[in-house]
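Quick notes on the structure that follows.
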Amino acid sequence: MHKLAHLDHAHVWHPFTQMRDWLKREPIVITFGKGALLRDVHGKEYLDANSSIWTNLHGHQHPKINAAIARQLKKVSHSSALGFANEPASLLAAELVKTANPSSRRREEAETSVPPKSASSRRRLQKVFFSDDGSTALEVALKLAYEYTRRTRGSKSQPQFLSLDGAYHGDTVGAVSLGHIDLFHKAYGGMLFKTDKVMSPYCYRCPFNKAKPERADAREYRKCNWECIGKVEQNFSTQKKRGNPYAAFVFEPLMQGAAGMIPQPNGWLKQVTDIAREHGALLIADEVMTGFGRTGVAANVSSRLTPSQKHLPRSYERSHGGLFACHHERVQPDFLCLAKGLTGGYLPMAATLTTQSVFAAFLGEYHEFKTFFHGHSFTGNQLGARAALANLDLLQNQQSRAARAKLERTFAAELDALWALPYVGDIRRVGLIAGVELVRDWRTRRPFDLREHAGNRVCEAMARRGVLTRPIGNVIVLMPPYCTTPAQVRRMVSALHAAVTEVLCAD
């Protein structure tokens, strides 16, 4: 065993890992990365098939991001945001505001402090609160929404939140309270505040879907009457009758990540957010995973819209290449939570964007103590901000958009080969995110028992073939960096095909 592996075993406690199993074998110790490739201490190379847990956008050691960080290192690496501003964070905030507002208005509008007059302007994201990671981005949104609701509805109100079944929004106490995955969250129940959940549109296993299994994405052949949307309406109506309408609806747009890569059928997001708006709820969009182009380029927007939605402003479709999943269905939230890909996967940084209306509720004289009492030591860190600026510049480049569109087409074509495997029940893809659900019998959707470790064993077999990813239960995730070549995509998918054949067909 390599000496670094020994040190890891002796001292490192890994996240979401059963350490008894971890200590039984030598871990893969990564020492180098270039593009979509990673290399371990023994010199073996691997393809990074889940973008280093959904963070790395442009590949490792991208020259433009490297150069941006190097230039900033010659100036200052970090200074406090408590009482001071800095150049990269200011520039990044302005760029995020521009990118997050799909409209043809001038950029200068984002910097105005004039109170908004119309409903559309109230939803214009104008303020950016920086933090460290996805959990803290959601924690910021949650606290702001909570206090904003109390200040607008009355201090005696008790704001309530609605999120989706299977939701995962992070590991801080507030973010965990929004989550509904018992395996992750049940142990901390005594520490949490209560939030409500509503069914997720999990077409493959939806009790309302009367279609028999086919060799296609379940969203394509489902037979239902949108009962899942009716359930959302029911939740909002019931809460309103209690005299305490929901303060906010929290969701991952287009694809729920840790729930098992659960995609939303076309039109679902727009319909449920319209219901939330009708009941006076704020919208909190968790784009920690889905942001920065993961869900596809703007060319895919029109294909996601129902006929009733296509009257909405075309500016949504021109939103910088469809960098945010919400805009694929022309939904503009009150809070946009970003992390993971914000710096291209280089440095821990997050941002919570919100409206002038929310910001104004925290303005007052010093003695009124309306301040938002929340912060982080590394808020607005200069190195992270420089990396993020370089990342956004890359994403908005026309060549980058074209390359992502081409990669998406290749990815979709290669994934089709997996339908030949009898243990593949559903292949769920949105843009450059895919979840392949493994089942005991595709004709009945019979799942593997989690104690069989089907997902883990398949991923271990993929690693032996030089492809790294991590399962969510029995769902294998593929999320290639944007620099991935067609040959590398084929290798990722073929490794999964061979691993399923080796592990499951031999059982």
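A few comments on the model shown:
- Spin-label model distance (nm) - Leu23 vs Ser377, 7 Å beyond Cα toward Cβ: 2.9
- Each peptide in 416-429, 147-160 receives the mean, over its residues, of other Cβ atoms within 10 Å, and ordering these scores from highest gives 416-429, 147-160.
- The amide H of Val198, built 1.01 Å from its N in the peptide plane, has Ser163, Leu164, Asp165 as neighbours under 5 Å, considering only residues 5 or more places off or on other chains.
- For the range 198-207, the Karplus equation 6.51 cos²θ - 1.76 cosθ + 1.60, evaluated at θ = phi - 60°, returns couplings of 9, 4, 8, x, 8, 3, 4, 10, 6, x Hz by residue, with Gly and Pro reported as x.
- Global form of the range 425-489, assessed from the alpha-carbon gyration tensor, a/c cut-off 1.5: oblate
- Taking other C-beta atoms within 10 Å as the exposure proxy, Ser377, Ser163, Ser400 rank Ser377, Ser400, Ser163 from fewest upward.
- Order of Met479, Met492 under a 10 Å beta carbon neighbour criterion, fewest first: Met479, Met492
- Relative contact order, percent, the chain [alpha-carbon distance under 8 Å, six or more residues apart]: 21
- With each label modelled as a point 7 angstrom along the Cα→C-beta vector, the Leu82-Ala487 pair spans 5.3 nm.
- For His60, residues with placed amide H under 5 Å, excluding near neighbours: Lys34, Gly35, Ala36, Leu37
- Within straight-line reach of Lys186, meaning a Cα separation under 13 Å, sit the following aspartates and glutamates at least 8 residues removed in sequence or on another chain: Asp171.
- Amide H contacts for Val424 (H built 1.01 Å from N in the peptide plane; partners 5 or more residues away or on another chain; cut-off under 5 Å): Val439.
- Each residue in Cys224, Cys459, Cys337 was given a count of other beta-carbon atoms within 10 angstrom of its own, and listing them fewest first yields Cys224, Cys459, Cys337.
- Built from the Cα atoms of the chain, the convex hull projects on average onto 24.5 nm², one quarter of its surface area.
- When Rg and Dmax are taken over the Cα atoms of the range 151-275, they come to 15.8, 54 Å.
- Counting only DSSP H runs of at least 4 residues, each contributing -39500 (n - 2.57), and dividing by the residue count of the chain, the helix-based mean residue ellipticity at 222 nm comes to -10000 deg cm²/dmol.
- Whether the range 345-432 is rounded, prolate or oblate, judged on the alpha carbon gyration tensor where a/c under 1.5 counts as rounded: prolate
- Rounded FRET efficiency, nearest 0.05, which uses the C-beta distance separating Thr31 from Ala403 and R0 of 25 Å: 0.35
- Qualifying lysines (Cα of each under 26 Å from Cα of Lys223; at least 8 residues distant if same chain): Lys197, Lys210, Lys212, Lys231, Lys270, Lys310
Every read-out reported here was derived from the displayed coordinates using simple, explicitly stated rules and does not represent laboratory data. Bear in mind that the values here come from a model prediction, so they are computed numbers and not experimental data. Counting neighbours? That spans all protein chains shown, and the Cβs are built from the backbone with ideal geometry, glycine included.
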